[in-house]
Amino acid sequence: MFVEFRGEVEDALATALSDLDLPTEDLGVEEPPEDVDAVLASSAAYRLAGEVGAPPPEVAADVADAIDTDGYEYLARAEARGPYVNFHPGEAYFADTLSSAGDDWGHLPDRGESVVVEHTSANPTGPVHVGRARNPIVGDALARILDYAGCDVEVHYYVNDAGRQVAIFTWAFESFDESDLDEDPARDRADYDLVRYYRKGNEFLEEGDPAAVEEAEDEIQAIMQGLGAGDEATYERTSAVVDPMLSGMGASLERLPAEFDEFVKETRFMFDGSTDDVVERLQDLEEAVYEDDAWQLDLSDRGIDKNLVFLRSDGTSLYPTRDLAHHEWKFANFDRAVTVLGEDHKLQADQLRTTLALLGNDTDQLRQVIHSYVNLPEGKMSTRAGTAVNLDDLLDEAVDRAREEVENRLGDRIREDDLDDEDVERIAHQVGIGAVRYDIVAKQPTKAITFEWERALDFEAQSAPYVQYAHARACGIVDRADADPADLTAGDVDAALLSTPEERDLLRTIARFPAVIKEAAEDLQPHVVATYTRTFADRFNAFYRECPVLSEDVDPDLRAARLALVAAARNTVANALNALGVEAPESM
RNA sequence: GGGCGUGUGGCCUAGUGGAUAGGGCGAGAGGUUCCUAACCUCUCGACCGCGGGUUCGAAUCCCGCCACGCCCGCCA
């Protein structure tokens, strides 16, 4: 409704300005502060004051007078208040919001546009740790939000299965035995088992006997050459470590949950010849230079001082070369591509985008979302050094603490409901994992996060449980009303009965939800949705406090209207949480 | 050294040209015979890193400086 209302406001304002012979390019339509009782406002009078030769409040009054609200569905009233023109919707706005906010509220019309979202794409060398966890959390939320926004979304994990680390990993796995390793796996799963070989291999390369290291380097080199030459047997060897590692990592990611439609391996673009094709086309570019026996791209004219090496002196390709082929494949198969990357890949992202353009691609199709890392108070997390907090450990701890919390609260519940052990376990998972996810997705991705257990697992604060609780309260009311769900949003209720400030504010907030999805999808900013859920919970709690629904002294018509409002609220917050990938408990 | 990013009460955070900078944590005081108190109300607390500038108007734009992070591999 908000989106439609905004359109009407812009139309009415533009018409009024042109009737007054004033310029219409700067309408200045914005959302007023909380304490102003209007849905939208315009600050255009400030800029027009000079042109008109009158003070802004006078201009605002004239503009407000010139606005004709006839013929608009939702726009009912425009009034000047100081230098602003405030816009108010009529009853239809509230009535339509109430009747529209069904199960699919927040889903925008199909855009007929396919989008591939690539996220995580962590090297298959060890268990997923918290430092990396921002990528799947942001990426999964983005994919969900784009889906809500009407895109046809496919989610990919790009597997770096041809790089040097994989060659090291493969060599290490083949060279060492269980008896060479000095620790047991932290968990009984392939990623925890295999990472020990990777660590052992790196340790050996750093500290081993020089002659033996040289021998190992020859083997690592042979593996990379084999992959570059498209050798099936070499691919089998690397797959023997990569595939189980990936399935183990996938098990961690599923807990978030972050799921993928496809794991796209970079070897695919070596074996199908597209990397060779890219190399040839790069060599033909005028930016191509051959220096130190390696083929490079001089991108200094494009504002990138660092040369991009695309073919090593030994003739093998590099990660960026294969990624170029990968992205051309994406462009050929999807309308748009979104990639979620850690900030350490910023330069590479710029080089990729620039080079794709040089190769004749339309890079407007590509959006790269960059995020900072989650670090420990003492510094970076590293798989190789073994300093990382594993995602599984964080999630386990979160669920344990949530379970403890649920059990503590069982004692002093007023409500006599019957939460059995299964409910406790369900709530512990929903709340614990939701809190971790929400804590990360709610922050602007560009801001660095320092990981601290207490803060990450605070269930009060401005957390997932706060929002989830509002949802559970709404479910409790609907549940207790024992009404036919079909009646709840039926057109029979009279939205005009919802006249208290709390009811109006809640309706206004519900009305904004599709606009929030639209904004988050356009700007690729999931935290916008998280911010919205907090505002929503504030509004819902105010309503909950002031407006009884099921009390016996509530008039039946009002009760029906409030029940419909609660149902609309429940649908809104359920979908908002869903768009963030956070579960919405029906009781807690 | 260069490039990019970040800097908002003691701590975390929203807000990227317009209405007295909005929340949370923390500290203090209250609230439940009434649909879930993981809630709500009130109080305390901010020269929006520092200094200039542009503008009728700056947390927001521009310049300089400071602090922190990331990058500057024939690794990914």
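The values are calculated or read from the model by the stated rules, or taken from the named source; none is laboratory data. Fair warning: this is a prediction, and the values are worked out from it, not measured in the lab. No Cβ is skipped: glycine too gets one built from the backbone with ideal geometry, and neighbour counts run over all protein chains shown. These area figures cover heavy atoms from the full protein model, side chains too; ligands, DNA and RNA do not enter into them. Shrake-Rupley method; radii C 1.70, N 1.55, O 1.52, S 1.80 Å.
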Suppose each label sits 7 Å from its Cα in the direction of the beta carbon; what would the A:SER100-A:GLU207 distance come out to in nanometres? 6.5
Rounded to the nearest 10 Å², the accessible area of A:PHE334 at probe 1.4 Å: 20
Using a 10 Å cut-off on Cβ atoms, rank the peptides A:172-185, A:148-161 from the highest mean neighbour count down. A:148-161, A:172-185
Once phi is turned into θ = phi - 60°, what whole-Hz ³J(HN,Hα) does the Karplus curve with 6.51, -1.76 and 1.60 give for every residue of the range A:573-588, x standing for Gly and Pro? 6, 4, 6, 5, 5, 4, 5, 8, x, 10, 6, 10, x, 7, 8, 6
Counting just the Cα atoms, what span does the range A:391-580 cover along each of its three principal axes? Round to the nearest Å and put the largest first. 51, 44, 26
Where in the range A:23-54 is the amide nitrogen less than 12 Å from a point lying 7 Å along the Cα-to-Cβ axis of A:ARG77? A:37-39
Using a cut-off of 15 Å between alpha-carbon atoms, which aspartates and glutamates can reach A:LYS447, once sequence neighbours fewer than 8 places away in the same chain are excluded? A:GLU343, A:ASP344, A:ASP439
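Could you list the GluC sites (Glu not before Pro) in the range A:315-423 that lie in coil according to DSSP, counting only those with at most 13 other Cβ atoms within 10 Å of their Cβ?
For GluC sites (Glu not before Pro) across the range A:315-423 that sit outside H, G, I, E and B with at most 13 neighbouring Cβ atoms in 10 Å, the list reads A:GLU378, A:GLU416.
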Given a Förster distance of 30 angstrom, what is the FRET efficiency for A:GLU31 paired with A:SER372, based on the Cβ-Cβ distance and rounded to 0.05? 0.60
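With 34 Å as the cut-off, how large is the P(r) tail for the range A:114-375, expressed as percent of Cα-Cα pairs? Before the final figure, lay out each step's value.
Numbers: 6748 of 34191 pairs.
Every Cα pair in the range A:114-375 considered, those over 34 Å come to 20 percent.
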Cα-only Debye scattering, the range A:2-89: base-10 log of I(q)/I(0) at q = 0.21, 0.22 Å⁻¹: -0.92, -1.01
At 20 °C and a viscosity of 1.002 mPa s, what translational diffusion coefficient does Stokes-Einstein give for chain A, taking Rh as the Kirkwood radius over Cα pairs? Give it in µm²/s as a whole number. 78
Given contacts defined as C-alpha pairs under 8 Å and at least six residues apart, what's the relative contact order of chain A, whole-number percent? 17
Env charge @ A:GLN351, Cβ radius under 14 Å, K,R +1 / D,E -1, value -2
Label point distance in nm, A:ASP400-A:ASP65, each placed 7 Å from Cα along Cα→Cβ: 7.2
Rolling a 1.4 Å sphere over the protein heavy atoms, what is the accessible area per residue of chain A, to the nearest Å²? 44
Residue order for A:THR387, A:THR267, A:THR500 - accessible surface, 1.4 angstrom probe, largest first: A:THR387, A:THR500, A:THR267
When you count, for each residue, the other Cβ atoms within 10 Å and take the mean per peptide, how do A:427-434, A:89-96, A:53-60 rank with the highest first? A:427-434, A:89-96, A:53-60
For chain A, the accessible surface attributable to carbon and sulfur atoms (probe 1.4 angstrom, ligands and nucleic acids excluded) amounts in percent to 43
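Subtract the Cα-Cα distance of A:ASP523 and A:ARG545 from 0.36 nm times their separation in residues, and report this length gain in nm to one decimal.
Details: separation 22, 0.36 × 22 = 7.92 nm, distance 3.49 nm.
So the extension gain works out to 4.4 nm.
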With the charge dipole of the range A:248-386 built from beta-carbon charges (+1 for Lys and Arg, -1 for Asp and Glu) about the Cα centre, the Cα from A:PRO257, A:GLN283, A:PRO320 projecting farthest to the positive end belongs to A:PRO257
